[in-house]
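The values are calculated or read from the model by the stated rules, or taken from the named source; none is laboratory data. These numbers were taken from a predicted model, which means no experiment stands behind them. Here the Cβ positions follow ideal geometry from the backbone for every residue, glycine too, while neighbour counts run over all protein chains shown.
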Amino acid sequence: MKFLYKQFQGKKKQIVEVELDRTTRVKFLTAPDFKAYRDHRTHKYYGGTFDRSPVRFVLPFDAVWTVVVEKGSFREPLDVQASCKLLPPDREVLSTVAIDAPPHLREPQGDDRREAQTAYAGEGSPEDEGTN
């Protein structure tokens, strides 16, 4: 599988903003999970498939973070253009919820505010994505 990625040192409540030119999967991973991802092993991530840009993710804790933009699958590659930047904390900005997030996360909560901790956190492996 081909992918684009950018790695940075992030602080809690900073915002990662990703601009996409088409629908694709975006994963926000910590350093150990990115290593597992590169090695085609099971990994945990925040994110999912997004059909609108920009995608925003509020960092839930301090860590070395990697943003991965997948370029389709091995059998169906996509030509994806993306850019990524780190923004300062902003109380008004909320994490974007993926279109493939579980239904209970897609529904508005209270005043339609969603915390980064409720963003879809999934586990993935090459088998989950149809690649070998």
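Do we have any residue at all in the stretch 63-81 that's among the polar types (S, T, N, Q), touching a Phe, Trp or Tyr at 6+ places or on another chain (Cβ under 9 Å) and crowded, with 19+ Cβ neighbours inside 10 Å?
Within the stretch 63-81, the subset among the polar types (S, T, N, Q) is 66, 73, 81.
From what is left, the residues that are touching a Phe, Trp or Tyr at 6+ places or on another chain (Cβ under 9 Å) are 66.
Checking the rest, the ones that are also crowded, with 19+ Cβ neighbours inside 10 Å come to 66.
Looking for residues that are among the polar types (S, T, N, Q), touching a Phe, Trp or Tyr at 6+ places or on another chain (Cβ under 9 Å) and crowded, with 19+ Cβ neighbours inside 10 Å, one finds at least one in the stretch 63-81, hence yes.
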Cβ pairs under 6 Å, 6+ apart, first in the stretch 73-90 and under 11 Å from Gly10 (Cα atoms) and at pLDDT 85 or above, second surrounded by 15 or more Cβ atoms within 10 Å (Cβ to Cβ) and hydroxyl-bearing (Ser, Thr, Tyr): none
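Determine whether Val64 is at pLDDT 95 or above and closer than 14 Å to Ala98 by Cβ.
Values: at pLDDT 95 or above: yes; closer than 14 Å to Ala98 by Cβ: no.
Judged against the criteria, Val64 is not a match.
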Among the residues that make up the stretch 30-43, is at least one of them touching a strand residue (DSSP E or B) at 6+ places or on another chain (Cβ under 9 Å), touching a residue at least 40 places away in the same chain (Cβ under 8 Å), assigned to a strand (DSSP E or B) and not hydroxyl-bearing (Ser, Thr, Tyr)? yes
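Would you check if Gln14 is within 28 Å of Glu92 (Cβ to Cβ), surrounded by fewer than 17 Cβ atoms within 10 Å (Cβ to Cβ) and not charged (D, E, K, R)? Before the answer, list the steps.
Values: within 28 Å of Glu92 (Cβ to Cβ): yes; surrounded by fewer than 17 Cβ atoms within 10 Å (Cβ to Cβ): no; not charged (D, E, K, R): yes.
No; evaluated as a whole, the condition is false for this residue.
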Residues of the stretch 76-99 being under 11 Å from Leu59 (Cα atoms), part of a loop (DSSP other than H, G, I, E, B) and among the hydrophobic types (A, V, I, L, M, F, W, C), which ones? Leu94
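For the stretch 23-65, name all the residues that are within 21 Å of Arg106 (Cβ to Cβ) and of a type in the set (D, E, K, R). Give the steps one after another, and end with the answer.
Restricting attention to the stretch 23-65, the residues satisfying the condition of being within 21 Å of Arg106 (Cβ to Cβ) are 23-28, 44-58, 60.
Those that are within 21 Å of Arg106 (Cβ to Cβ) and of a type in the set (D, E, K, R): Arg25, Lys27, Lys44, Asp51, Arg52, Arg56.
Do the conditions hold for Thr24, that is, is it under 23 Å from Pro77 (Cβ atoms), free of Cβ contacts under 8 Å to residues at least 60 places away in the same chain, within 15 Å of the chain's Cα centre (by Cα) and surrounded by 13 or more Cβ atoms within 10 Å (Cβ to Cβ)?
Numbers: under 23 Å from Pro77 (Cβ atoms): yes; free of Cβ contacts under 8 Å to residues at least 60 places away in the same chain: yes; within 15 Å of the chain's Cα centre (by Cα): yes; surrounded by 13 or more Cβ atoms within 10 Å (Cβ to Cβ): yes.
Spelling it out, Thr24 is indeed under 23 Å from Pro77 (Cβ atoms), free of Cβ contacts under 8 Å to residues at least 60 places away in the same chain, within 15 Å of the chain's Cα centre (by Cα) and surrounded by 13 or more Cβ atoms within 10 Å (Cβ to Cβ).
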